[in-house]
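So the structure is just underneath, and the comments pick up after that.
Nothing in this text is a laboratory measurement; each read-out follows from the coordinates by a stated rule. Being a predicted model, the structure only gives us computed values, none of them experimental. Don't worry about glycine lacking a Cβ; one is built from the backbone with ideal geometry, like all the others, and counts go over all protein chains shown.
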Amino acid sequence: MQFHDIEQNTDEWLDMRIGKIGGSSCSKVMANYGKAFGDPAKQMAVNIAVEQLTGKRSNVTSYKNADMLRGHEQEPIARALYEDQYFVDVTNGGFFDCGNCGCSPDGLVNDDGLIEIKSVISHVHYANIKRGGVDPAYKWQIYFNLLKTEREWIDFVSYCADFPPDKQLYIHRINKSDCENEFKMITEREEKFFLLVDEIKQTIRS
């Protein structure tokens, strides 16, 4: 694993992600765990295979939806609130290069922690608070980032600007020591996924 202290969403950052599984795409790989890969994972395998063969980004990497744009706009606000609440400085998450995989957490905390911020709408934020855990939509991204960064803990941060000021942040911490089973599942599924990528590359070459 090699850490690159670079700004996210820049051309350099996008180039580093070529041909790799990222944290945000881990859920596609983990879907239907124990069964065959679904269409989203198969389509991603084709994109990764082509990127590895050409060394060029696929068009998929430039896609942005409304949720992603809101997240980019509001993430600095949520980070500042987190820093104030915990009396810490959150530093650049950069890019952790792990060979066929890589991840970019939303921030690093001290020498052993990291955060993943999700800017969400009211009913999603309420569900996160009521659930008292990690939003299932981001479960595998959270575990993936913790595994690949080799840090000791990660804080899942749900932020909603529409909530009362003292309830705009919901924070749930996951410790590395509690994730042995999830780490094993990710590692096993990754191996199978890249066997699929290799098969696709062989088919393209033939």
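Cβ-to-Cβ counts within 10 Å put 140, 153 in ascending order as 153, 140, the fewest first.
Charged side chains reduced to their Cβ positions (Lys and Arg at +1, Asp and Glu at -1) give segment 1-142 a dipole of some 920 debye around its Cα centre. Residue pairs exceeding 22 angstrom between C-alpha atoms, taken from 35/148; 35/192; 35/184; 20/201; 118/184: 35/148; 118/184. Rounded to the nearest 500 deg cm²/dmol, what is the calculated helix-only ellipticity per residue at 222 nm for the chain, with -39500 (n - 2.57) per DSSP H run of length n ≥ 4? Helix contribution divided over all residues of the chain: -15000 deg cm²/dmol.
How high is the FRET efficiency from residue 173 to residue 1, r the C-beta distance, R0 30 Å, rounded to 0.05? Efficiency for this residue pair is about 0.85. A simple rule links phi to the HN-Hα coupling: the Karplus curve 6.51 cos²θ - 1.76 cosθ + 1.60 with θ = phi - 60°, which for segment 184-196 gives 5, 4, 5, 4, 5, 5, 4, 4, 5, 5, 6, 5, 5 Hz, with x for Gly and Pro.
Based on C-alpha pairs under 8 angstrom that are at least 6 apart in sequence, the chain has a relative contact order of 25 percent. Fewest-first ordering of 1, 44 by other beta carbons within 10 Å of each residue's beta carbon gives 1, 44.
Once backbone amide H atoms are built at 1.01 Å from N, residue 93 has 107, 108 as its partners under 5 Å, excluding neighbours fewer than 5 places away on the same chain. With the alpha-carbon atoms of segment 2-205 aligned to their principal axes, the span from lowest to highest coordinate is 57, 35, 33 Å, starting with the largest.
Look at the dipole of segment 2-205 built from charges on Cβ: of 43, 104, 171, the Cα furthest out on the positive end belongs to 43.
The 3J(HN,Hα) values that the Karplus relation (6.51, -1.76, 1.60; θ = phi - 60°) gives for segment 109-123 are, in residue order, 10, 6, 9, 9, x, 8, 10, 10, 9, 10, 8, 10, 7, 4, 5 Hz. Gly and Pro appear as x. If R0 is taken as 22 Å, the Cβ-Cβ distance between residue 181 and residue 127 corresponds to a FRET efficiency of 0.35.
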